[in-house]
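Let me begin by presenting the structure, written as structure tokens, before commenting on it.
Throughout, read-outs are computed from the coordinates displayed, never taken from laboratory work. Just so it is clear, the structure is predicted and the values come from calculations on it, not from any experiment. Cβ sites come from the backbone with ideal geometry, for glycine too, and all protein chains shown count toward neighbours.
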Amino acid sequence: MRESGMRRVRASTSPKERLFSKNRFGTVVRALWPDKPALNLAQRIGCSERGAQYIIDGKRRGKLFARALHVVEGEMLD
């Protein structure tokens with residue numbers, strides 16, 4: 001089979017691998033809300049679930065990240 005005909009398959013990550021990723025903020029969010037962390041964060045900061053997932057993965061910074069950080073800090077203090 002030629003290389004152009006081969007599909008690259010990305011290795012899936014287990015929940016344990018995602019929990020211990022390099023992104024510390026994402027690790028904290030996943031520890032606070034182990035079931036659907038992006039959905040929980042999105043509802044609390046008022047953004048889409050996809051936007052929250054970008055923040056958790058460390059791909060977005062800015063005003064939404066600041067809002068997310070504030071929500072996570074408040075949740076940790078409760």
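Of Asp78, Asp35, the sequence from fewest to most neighbouring Cβ atoms within 10 angstrom is Asp78, Asp35.
At an R0 of 22 angstrom, the distance between the Cβ atoms of Asn23 and Asp78 translates into a FRET efficiency of 0.45. Per-peptide packing, taken as the mean over residues of other Cβ atoms within 10 Å, places 38-51, 63-76 in the sequence 38-51, 63-76 from highest down. Using the Cβ of Gln43 as centre and a radius below 11 Å, the other residues enclosed give a net charge of +1, where K and R count +1 and D and E count -1. Under the simplified labelling scheme, the Lys59-Lys36 pair shows an inter-label distance of 2.1 nm, with each label point 7 Å from Cα along Cα→Cβ. The simple spin-label model puts a point 7 Å past each Cα toward its Cβ; for His70 and Glu49 those points are separated by 2.5 nm. Pair-distance distribution P(r) for the range 14-77, from all Cα-Cα distances in 5 Å bins starting at 0: 4, 20, 34, 27, 12, 3, 0 percent.
Farthest towards the positive end of the charge dipole of the range 14-77, among the residues Asn23, Leu39, Leu69, is the Cα of Asn23, using unit charges on the Cβ of Lys, Arg, Asp and Glu.
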